[in-house]
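Below: one structure, written as structure tokens.
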Amino acid sequence: MDVLIVDDDAITRLALCTALEEWGFVPIVAENGDQALQKLEAETAPHLLIIDWSMPGMSGPELCKSIRKRDDGQFFYILMLTGKEGNEAIVEAMEAGADDFLNKPFDHRVLKVRTAAGSRIVRLEQTLNQLASRDALTQCWNRRMIDELFANSIAESTRKQTTFSLMILDIDHFKKVNDTYGHAGGDMALKHIVNILNTNLREYDQVGRYGGEEFVVLLPATDQNEAWGVAERIRSAIQFQPTRISDDVKIDLTVSIGLAQFDRRQDANQSAFFERADKALYNAKQSGRNRIVS
Ligand code: GH3
Ligand code: MG
Ligand code: MG
Ligand code: MG
């Protein structure tokens with residue numbers, strides 16, 4: 001697990017790094033509050049932080065406060081390290097948002113057990129996050145999360161005057177798959193579809209399982225033409241790469257896809273926009289399935 005060490009003193013940073021590495025952590029260092037905040041912007045930012053109290057510029061408690069003010073829902077466990085003694089300092093640090101408090105110069109054994117306690121909480125939080133946002137069967141986003149990402153895309157698109165496309169994909173005659181190959185066969189097919197989606201999409205495209213065999217894909221900065229190209233690649237990959245459930249049994253599948261490009265003037269809100277893609281999907285089903293309609 002990564003740990004962010006924020007301390008203006010090079011010797012303390014080195015001592016912390018050495019100890020943490022010995023215990024299997026990966027230390028990342030910042031010399032002041034601004035550097036620390038910058039490191040926390042990264043998508044893979046550390047969630048366990050050891051912060052010094054006295055630093056030039058932003059103090060430890062000030063840094064704690066500004067980390068707690070972020071409203072992106074990310075969790076950080078903060079261990080405050082200081083030469084200050086007594087209950088006053090503990091209260092001030094923890095009121096500023098620290099989770100735990102440690103005196104400097106630090107005792108190796110105390111630092112070890114407190115970092116271990118912090119890492120247990122960070123791991124627990126990561127597990128909860130995973131459970132709350134991922135679909136248990138396919139590991140793509142669940143409905144709650146894709147709805148949230150969808151709302152973010154609308155907000156960003158409106159703010160930056162950029163566009164994005166929405167793709168709703170529904171497996172054709174999926175009931176027959178379950179009837180023929182059993183529920184377990186159907187589950188394998190769903191996982192296979194998500195694999196195909198992931199290999200045919202870009203890193204910043206988002207896939208969510210919206211209902212049983214219905215998927216929603218957000219394509220940032222993508223217009224209708226580009227989205228059509230992506231949808232066609234996916235449609236044909238699914239048609240020509242069946243799900244192998246054993247050496248001699250494979251499930252052939254096709255999908256129908258509804259596409260829409262976000263248009264601020266036309267789409268009054270999220271559900272109006274979704275409705276357009278959903279209608280396109282309905283038309284794809286009505287006109288024979290295994291096709292794309294926009
Ligand atoms: P259409 O081409 O019109 O979409 O036909 P369809 O059979 O796919 O239509 P419908 O949406 O009515 O049926 C979806 C089926 O998907 C019903 C349900 O048995 C199955 N299903 C939903 N969730 C799961 C799941 O998690 N696992 C499996 N194996 N099947 C599921
Ligand atoms: Mg200091
Ligand atoms: Mg279906
Ligand atoms: Mg369906």
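Model label points for Glu95 and Ala42, set 7 angstrom from Cα along the Cα-to-Cβ axis, are 3.4 nm apart.
Compute and list, largest first, the equivalent-ellipsoid semi-axes of segment 213-294 from the alpha carbon gyration tensor, each √(5λ) rounded to a whole angstrom. Could the numbers behind the result be given before it?
Details: eigenvalues 157, 34, 23 Å².
For segment 213-294, the ellipsoid semi-axes come out as 28, 13, 11 Å.
Radius of gyration over Kirkwood radius for the chain, both on Cα atoms: the Rg/Rh ratio is 1.12. Taking label points 7 Å from Cα along the Cα-to-Cβ direction, Arg144 and Ala268 give a separation of 3.0 nm.
Find how much the distance from Leu128 to Ile245 grows on full extension, using 0.36 nm per residue of separation minus their present alpha carbon separation; answer in nm with one decimal. Could you put the intermediate results ahead of the total?
Numbers: separation 117, 0.36 × 117 = 42.12 nm, distance 3.15 nm.
Result for the pair: 39.0 nm of gain on full extension.
Backbone geometry of segment 148-153 corresponds, through the Karplus equation with coefficients 6.51, -1.76 and 1.60 at θ = phi - 60°, to 3J(HN,Hα) couplings of 5, 5, 5, 4, 4, 5 Hz, x marking Gly and Pro.
For segment 1-57, GluC sites (Glu not before Pro) meeting the loop criterion (DSSP other than H, G, I, E, B) and having at most 10 other Cβ atoms within 10 Å: Glu43. Normalised by 2.2 N^0.38 Å, with N the number of residues, the alpha-carbon radius of gyration of segment 147-230 equals 1.25. For the chain, DSSP calls about 50 percent of its internal beta bridges antiparallel. Restricting segment 190-294 to trypsin sites (Lys or Arg not before Pro) that sit in a DSSP loop and have at most 15 other Cβ atoms within 10 Å of their own Cβ leaves Arg202, Arg264, Arg265, Arg289. Here is how the number arises for the chain: DSSP H runs of 4 or more residues each give -39500 (n - 2.57), the sum is divided by the residue count, and the result at 222 nm is -16500 deg cm²/dmol.
Working note: Cα atoms of segment 89-216, range along each principal axis, descending, whole Å: 66, 43, 23.
In Å, what Kirkwood hydrodynamic radius results for segment 3-76 from the alpha-carbon pair distances? Kindly include the intermediate steps, with their values, before the conclusion.
Working: mean 1/r = 0.0802 Å⁻¹.
Here the Kirkwood hydrodynamic radius works out to 12.5 Å.
Straight-line cross-link partners of Lys84 among the aspartates and glutamates, defined as a Cα under 19 Å from its Cα and at least 8 positions apart when in the same chain: Asp7, Asp8, Asp9, Asp52, Glu62, Glu92, Glu95, Asp99, Asp100, Asp107. Across segment 246-263, coupling constants 3J(HN,Hα) worked out from phi with the 6.51/-1.76/1.60 Karplus curve, θ = phi - 60°, read 7, 4, 10, 10, 9, 9, 8, 9, 10, 10, 10, 10, x, 10, 8, 9, 5, 9 Hz, and Gly and Pro carry x. The alpha carbons of segment 155-282 give a radius of gyration and a Dmax of 15.6, 52 Å, in that order.
The charge dipole of the chain, taken about its Cα centre with unit charges on the Cβ of Lys, Arg, Asp and Glu (plus for the first two, minus for the last two), comes to roughly 1020 debye.
Computed log10 I(q)/I(0) for segment 14-160 at 0.11, 0.15 Å⁻¹: -0.51, -0.86, from the Debye equation with unit scatterers placed on every C-alpha and solvent omitted.
Protection proxy ranking of 96-103, 112-119, by the mean of other Cβ atoms within 10 Å over each peptide's residues and highest first, is 96-103, 112-119.
So between Ala155 and Val113, what do we pick up on full extension, going 0.36 nm a residue minus the alpha carbon distance? Provide the component values of the computation, followed by the final result.
Values: separation 42, 0.36 × 42 = 15.12 nm, distance 4.32 nm.
Separation in residues times 0.36 nm, less the Cα-Cα distance, equals 10.8 nm.
Taking θ as phi - 60° and the Karplus parameters 6.51, -1.76 and 1.60, the scalar couplings of segment 207-217 work out to 10, x, 8, 8, x, x, 10, 10, 10, 10, 10 Hz in sequence order, x denoting glycine and proline.
FYI, it's all coordinate maths here, none of it is from the lab. Please read these numbers as outputs of a predicted model, since none were measured by experiment. Methodologically, a virtual Cβ is constructed for each residue, glycine included, from the backbone with ideal geometry; neighbour enumeration extends over all protein chains shown.
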